[in-house]
Amino acid sequence: MGCNEKEKQPKFKLPNWSARHADIPSNDSLQIGKSYLSIYSQIYTLNEERKSNLTAMTSLRNTSEKDTIYISRADYYDTYGVLIRHYLNKTIFIRPLETLEIVIEETDDEGGTGSNFIFEWQKPISCPEPMFEGVMSSTIGQQGLSFTTRSRRIE
């Protein structure tokens with residue numbers, strides 16, 4: 001990179017979860033699961049040729065009052081199933097009743113109209129499953145739009 005060149009900044013910002021890294025022993029008795037969450041970074045408006053961008057907030061929720069859970073994968077895919085980005089490079093913990101968030105900014109349209117997340121998680125056997133939700137919103141002038149999605153366990 002030359003003296004007058006600026007480093008290209010990504011269109012997105014990764015959450016800083018470095019203080020949440022968790023090392024889980026391989027002999028641990030945690031239950032493993034995988035969940036799918038649909039997210040809409042864009043929707044069609046008027047016809048299939050016109051799209052509007054949305055802000056998408058993804059909530060990672062620990063529904064247990066007493067147990068910590070662990071998230072080992074948070075991968076974001078586009079409409080065609082192509083991986084856009086990994087949000088985790090190490091397993092993280094979520095305390096009881098705690099919520100973490102991933103925000104897909106309105107200007108980040110890489111996901112398209114059918115984007116989604118795959119989450120892999122671990123929890124104590126007696127602990128309820130984590131809940132993953134999407135909250136999509138946009139405002140233009142005096143008009144607003146918002147809707148939600150909820151994850152589905154796939155493994």
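Some notes on this structure:
- Top of LEU60, LEU97, LEU46 by mean-square fluctuation, Gaussian network on the chain, Cα under 10 Å: LEU46
- Quarter of the Cα convex hull surface for the range 29-153, i.e. its orientation-mean projected area (nm²): 8.4
- Burial ranking of peptide ranges 24-30, 107-113, 37-43, 79-85 (average Cβ count within 10 Å, highest at the top): 37-43, 107-113, 79-85, 24-30
- Extended-chain gain in nm, criterion 0.36 nm per residue less alpha-carbon gap, GLU133 and TYR44: 29.9 nm
- Charge tally around LEU60: other residues with Cβ under 10 Å, Lys/Arg +1 each, Asp/Glu -1 each, net -2.
- Derived scalar couplings ³J(HN,Hα) [the range 53-68; Karplus, 6.51 cos²θ - 1.76 cosθ + 1.60; whole Hz; x for Gly, Pro]: 7, 10, 8, 10, 9, 9, 9, 9, 10, 8, 8, 7, 7, 10, 10, 7
- Taken along the Cα-to-beta-carbon direction at a fixed 7 Å, the label points for ILE125 and SER26 span 2.2 nm.
- The relative contact order of the chain, computed from alpha carbon pairs under 8 Å that lie at least 6 residues apart in sequence, is 34 percent.
- Gain on full extension, evaluated as 0.36 nm per residue between GLU65 and VAL82 minus their Cα-Cα distance, stands at 2.5 nm.
- Gained length - GLN143 relative to GLU101, 0.36 nm times residue gap less alpha-carbon distance: 12.6 nm
Since every read-out is calculated from the coordinates, none of them should be taken as a lab result. This structure is a prediction, so every number in the text was calculated from the model and none was measured. Using ideal geometry, Cβ is built from the backbone for each residue, glycine included, and neighbour counts are taken over all protein chains shown.
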